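Asker: Provided herewith is a single structure, encoded as structure tokens, for subsequent inquiry.
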Amino acid sequence: MEKHWSRVEYLHQTVTNPNIIVKGTRSYYGDAWSGSFEESVVRYHYGDRYSRTHW
């Protein structure tokens, strides 16, 4: 999918880290100029892809 400022990432659909709790279905992140919410915003957490596979 091509990124555009008007498209958003709905967090309840994309967050996979069990340490991030998303309540409801209206929380979103505009990732047009960066990576996904988990890659760009949540920097210091255990349960990210690297930690899950290496620890």
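Asker: Using amide H atoms built in the peptide plane, which far-off residues or other-chain residues are under 5 Å from residue 31 H to H?
Answerer: For residue 31, whose amide H was placed from the backbone, the distant partners under 5 Å are 9.
Asker: Considering only protein heavy atoms, what per residue accessible area in square angstrom results for the stretch 1-42 with a 1.4 angstrom probe? All intermediate terms of the calculation are to be shown ahead of the outcome.
Answerer: Numbers: 3380 Å² over 42 residues.
In whole numbers, the stretch 1-42 has 80 Å² accessible per residue.
The values are calculated or read from the model by the stated rules, or taken from the named source; none is laboratory data. Owing to the predicted nature of the structure, the values given are computational and were not obtained by experimental measurement. These area figures cover heavy atoms from the full protein model, side chains too; ligands, DNA and RNA do not enter into them. Shrake-Rupley method; radii C 1.70, N 1.55, O 1.52, S 1.80 Å.
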